[in-house]
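Scroll down for the structure; my scribbles are underneath it.
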Amino acid sequence: LSMAQVGRTDEAIGHFMMEITSYPDHAAAHRELGLAFGHAGKLQEAVNHLSESARLNALQPDANFELGHALIQLDRIADARDAIDRGLRIGAGTPQAHFDLGVIAYRTGQTDAAIEHYARAAALNPNYVQAHFNCGAMLMQTGKTADAISRFREVIRIMPDYAPAHGILGFTFFGQGKIMEAAYHSAEALRLNPDDAQSRQILEMIAKQKK
């Protein structure tokens, strides 16, 4: 793990700024700075250093994947895609790389490609909650409800208190007339997120039906 990833962001920035002052082409220092600036929300600085990391680590796919991830956060979608594609030409994609390609596909209106990449990210890391959830959301948009439900159930298996998955399942089952399942998941969603107006409304409608 990088220093930034273990919560030592300021220490990482100070230390590695000194490193690149003495050794401007220190690839690992640029990577650490990029990750640290990213954690600090300084996205342009993150991209600057991760660009140097990718340039200096020309044969390391992860350097390009990390640059692509940072570029997405700056909404530089085309540049992000180019960076990740460079990484894929060098080596195999990581779960994060495929997830990021899913984000890019979604933002550019390529729903089928988004599903493919989110599914690939989840296959590479079966416990990747957000990949399963995003895949389910895309499947739901394309009318593949049964497949979407399977994804949301997997999310809850991995993370039982993931409120958005409960909320979507509650809404979906209510629409299908599966009242017991709808009540359970809507109640869980509301327990986990008391501001969930949709789940509250579903529970109120269920209660009225029982009177």
task: Find the relative contact order for the chain and round it to a whole percent, using C-alpha pairs within less than 8 Å whose residues are 6+ positions apart.
output: 9 percent
message: Output wanted: per-residue J couplings in Hz (rounded whole) for the stretch 36-41, from phi through Karplus 6.51 cos²θ - 1.76 cosθ + 1.60, θ = phi - 60°, x for Gly and Pro.
response: 5, 5, x, 5, 7, x
message: Run the reach check for Lys42 against aspartates and glutamates, Cα to Cα strictly under 13 Å, same-chain hits fewer than 8 apart removed. What comes back?
response: Asp10
task: Give the residue from Gly41, Met205, Tyr128 lying farthest towards the positive end of the charge dipole for the chain; charges sit on Cβ (+1 for Lys and Arg, -1 for Asp and Glu) and the dipole is referred to the Cα centre.
output: Met205
- prompt: Which three extents, in whole angstrom, do the alpha-carbon atoms of the stretch 120-211 cover along their principal axes, largest first?
  reply: 48, 26, 18
statement: Given unit charges at Cβ for Lys, Arg (+) and Asp, Glu (-), the dipole magnitude of the stretch 65-190 about its Cα centre in debye, nearest 20, is 160 debye
query: What is the spread of the Cα atoms of the stretch 63-116 along each of their three principal axes, largest first, in whole Å?
result: 26, 23, 14
- line: Mean separation of Cα contacts under 8 Å (at least 6 apart) over the residue count of the stretch 14-114, i.e. the relative contact order in percent, is 18 percent
query: Is the shape of the stretch 22-112 rounded, prolate or oblate, going by the alpha carbon gyration tensor and its root eigenvalues a ≥ b ≥ c, with a/c under 1.5 for rounded and a/b larger than b/c for prolate?
result: oblate
query: HN-Hα J couplings of the stretch 194-199 from phi, Karplus 6.51/-1.76/1.60, θ = phi - 60°, integer Hz, Gly and Pro as x?
result: x, 8, 6, 5, 5, 5
- prompt: When the helices in the chain are scored as -39500 (n - 2.57) per DSSP H run of 4 or longer and the sum is shared across all residues, what 222 nm value do you end up with, to the nearest 500 deg cm²/dmol?
  reply: -24500 deg cm²/dmol
message: Only four residue types carry charge here, +1 at the Cβ of Lys and Arg and -1 at the Cβ of Asp and Glu. Report the dipole size of the chain about the Cα centre in Debye, rounded to the nearest 20.
response: 980 debye
message: Largest first and in whole Å, what are the equivalent-ellipsoid semi-axes of the chain based on the Cα gyration tensor, each being the root of 5 times an eigenvalue?
response: 41, 19, 13
query: What does the accessible area per residue of the stretch 1-135 come to in Å², with a 1.4 Å probe and no ligands, DNA or RNA counted?
result: 49 Å²
statement: With all protein chains present, the chain has a carbon and sulfur share of its accessible area (1.4 Å probe) in percent of 53 percent
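The values are calculated or read from the model by the stated rules, or taken from the named source; none is laboratory data. Source: prediction; values computed, not measured. Cβ: placed from backbone, ideal geometry, glycine included. Neighbour counts: every protein chain shown. Each accessible area value is taken on the protein alone, full model and side chains, heavy atoms only, with ligands, DNA and RNA left out. Shrake-Rupley method; radii C 1.70, N 1.55, O 1.52, S 1.80 Å.
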